[in-house]
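Beneath this line is the structure, given in C-alpha cells, with notes to follow.
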Amino acid sequence: MSKSLLEVVAVAEAFENGGNVASAIAAYRNWLASNESENRFAAYFNLAVLYFKAECTGLAQAALRSCLRYHPGFEQALKICIEPSMDQRRPMAARTAYGHERIRVGWLAHASMFQSVPFVQLAIEITASTNEHTLLGWGSNIPAGISDVSHMTDEAVACKIRTLELDVLIDLMAWNTHGRPGIVAYHPAPLVASWTVNPQPFGLQAVDLLIVDATFRNPIPEIEFNEKVLHLDTTKHQAENIEAGLLPALEALLLRELNQLPARLLCLKPSKADLDYIKEPLQRGRRYVIVAPPYQHISAGIRVLYDLQKWLILAGFDAIVCTWFSGYPIESFVDDIVIYPEVAPGNILKTKRIVRYILNVPGKLGYGEKTYAQHELLVAYNNELAPFADGFVLQVPSTEPFFYPGDGPRDKDAMYVGKGRNLGLHPTSCVEITKNFPANRMQVADFLRSVDTFYTYDDFTILLHEAILCGCKVMLINPLGQTIPILSSRMPSSNEFRMQLHNFINITQKL
C-alpha cells in the first residue's frame, strides 16, 4: 500500500474503534475522491466492510463491485461475495429478483459427453455439491440426477429453465454434434454463457459470456469474440476441491456479471404460458406448402423456394412444393402453412395461414402486389429486405459447395445484366452470362473459375456472391454509371442459418 493509504487506514481504524463508523467511511471516501493510487481496490474493500457494519447493504455492494473492478482476483472480496454465512455480507444481485440465497446455475449437455469430457464431469461434480446447480441433458442413458429433456422441444426446455428460475445458464455443447443452440437462443436466464474445451465465438447474440481457461489466448487474432470472455483458472482446482475452490471462483465471476445487468433482465419470471407450454404433449406440427414457379437453375429466388422444402423436411416436417400454374384441390390445403414468394398473385390456394417470403423488393420485378394482407406473416430473405417484412429473416443457402476458387488460368472477363439495366459500361470483350449460358449450375461454377473480372448491373444477384467464392474480381455498375468494386458478400454461416430456420419454424407453427 502507498503511505497515504496506510495513513487513512490508521485514521479510519481509530474512528471505528471509537464507535464512529460514519467518520471512518468518510475518511475512505475522501481519500478515494482525491487519489488515483493503484491500491484503490483495498480502500474500496475496507469501505465495503464498513458499509456492511453500518447495515448499508446497497452501498456495500457498490463498493465491492468497485473493488473487483480494480482487482478482479482479490480473494477477500470474492469470498464476501459468495459466502452468505458471513453476517449480512451477501451482495446478491439475483436475490432482488428471485430471492435466492446463492445464485442458481443451469448446465446443458448431451449424454454422450457425460463420461468423456472433463468439463461435463466438472459440471456434474458442481451439481452434486450444491442444490443451487441444475444439470439438464438429452440423449440416451441419462445418468441419475440429471434432468432429462430429450423429449422436449428447444422452446419447452427454455420455458422449463425459466420455471426453475435459474440465474445463469451455461451451455457445454456450443455447436458440437448433438448440441442444441436453439435452447440458448431463447435467452432463458438473465445470464447465458458458453463453456467449451476449444473456445470459439458462439455466434448468437443470446450468449452473453464465454468461459475459458485462464491460460487461453486467442490463437487467431482476427476472430472477433462478440461475447465477453471470462478467464477461470481450472487447472489449480482439483476435483475434490471443487466446492471450496473452483465453485466459489466461478460463482464470484458470474455474480460480478449479474451485478452489472439491468434490473429488467434479472426478472425473467416464468409466465403461465411457460408452465402451460411444458405440460403440452408434443405434436408433429402442420405441413408446409411452398408455392413456386417451375424450377429454373438460373433464378436464385426460385432455387431458394425449392431448397426451403429440403430444409423443412430435414427439420422433421412435411413440406411440398406446388406451382401456381397447376390446378390443385384448394380444400386439401386448409390446415397447412402456405409459403408464397412476394411475386405470387394474392392468396392462390385460399388458405388462412400465410407466410409471404420477401425475396426481392415487393413490386420491383413488375408483378405481384406491393402490399399484403394484414394477417400474413412477412419474412425477409436477408437483412436488406427486412424493412419490407415483420423483422424475421430466413436466408436459405442456395449456393452449392462446388463454388470455390480454382488454380487454372483466368483468361476472360464476364458480365451479367439480370434485373439491372445494361448501360454498356463493361468491357466489350466480356462474355455474357444469361439464362441459357452456362447450361447448369456446375457449369456456372466452372466458368466463373476461368473469369478474371465479373461485371454486374444487378446488385441483388446471387452470382455476385458466387463469383467472389470462385475467386473473381467483382465490379458492380450501378444505375448512375458508377463502377464499384465488391470485395465481400455477407452470407450467413451454416450455424446462423440453422438458428434462422429454427426461429422460422417456431414462429410459423404458431400461425
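The values are calculated or read from the model by the stated rules, or taken from the named source; none is laboratory data. What you see is a predicted model; the values in this text were computed from it and never measured. As a convention, Cβ positions derive from the backbone with ideal geometry for all residues, glycine included, and neighbour counts pool all protein chains shown. We work out accessible area using only protein heavy atoms, side chains counted, and drop any ligands, DNA or RNA first. Shrake-Rupley method; radii C 1.70, N 1.55, O 1.52, S 1.80 Å.
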**Report entry** Among the listed pairs 370/473; 419/473; 310/510; 228/310, those beyond 27 Å (Cα-Cα)
**Finding:** 370/473; 228/310
Report task. Quote the charge dipole size of region 375-453 about the Cα centre in Debye, to the nearest 20; the model charges only the Cβ of Lys and Arg (+1) and of Asp and Glu (-1). Result -> 220
Query raised in the report: For region 289-409, what is the charge dipole size about the Cα centre, in debye to the nearest 20, if Lys and Arg each add +1 at the Cβ and Asp and Glu each add -1 at the Cβ?
Result: 240
Report task. Normalising by the residue count of region 465-511, find the relative contact order in percent from Cα pairs under 8 Å and 6+ residues apart. Result -> 24
Report summary line: If the chain between residue 459 and residue 402 were fully extended at 0.36 nm per residue, the gain over the current Cα-Cα distance would be 18.3 nm
Query raised in the report: Given R₀ = 45 Å, FRET efficiency for residue 370-residue 178 by Cβ-Cβ distance, to 0.05?
Result: 0.50
Query raised in the report: For residue 482 and residue 331, what does the FRET efficiency come to when R0 = 41 Å and r is the distance between their Cβ atoms, rounded to the nearest 0.05?
Result: 0.15
Requested in this report: Determine the relative contact order of region 1-41: mean sequence separation of Cα pairs under 8 Å and six or more apart, normalised by residue count, in whole percent.
Outcome: 42
**Report entry** Volume per residue of the C-alpha convex hull in region 365-492, rounded to whole Å³
**Finding:** 131
Query raised in the report: Cβ under 12 Å from residue 403's Cβ, residue 403 left aside: what net charge do those residues give with Lys, Arg +1 and Asp, Glu -1?
Result: -1
Report summary line: Ranking 409, 424, 397 by how far each Cα lies towards the positive end of the charge dipole of region 382-433 (+1 on Lys and Arg Cβ, -1 on Asp and Glu Cβ), the top one is 424
**Report entry** Accessible area expressed per residue, region 411-511, with surrounding protein chains retained (probe 1.4 Å, Å²)
**Finding:** 50
**Report entry** For a label point 7 Å along the Cα-to-beta-carbon line of residue 213, residues of region 180-196 with backbone N under 13 Å
**Finding:** 196
**Report entry** log₁₀ of I(q)/I(0) at q = 0.21 Å⁻¹ - region 422-485, Debye sum with one point per alpha carbon
**Finding:** -0.86
Report task. Would you please give the FRET efficiency between residue 6 and residue 205, computed as 1/(1 + (r/R0)^6) with r the Cβ-Cβ distance and R0 = 56 Å, to the nearest 0.05? Result -> 0.75
Query raised in the report: By the gyration tensor of its Cα atoms, with a ≥ b ≥ c the square roots of the eigenvalues, what is the shape of region 1-71: rounded for a/c under 1.5, prolate for a/b over b/c, or oblate?
Result: oblate
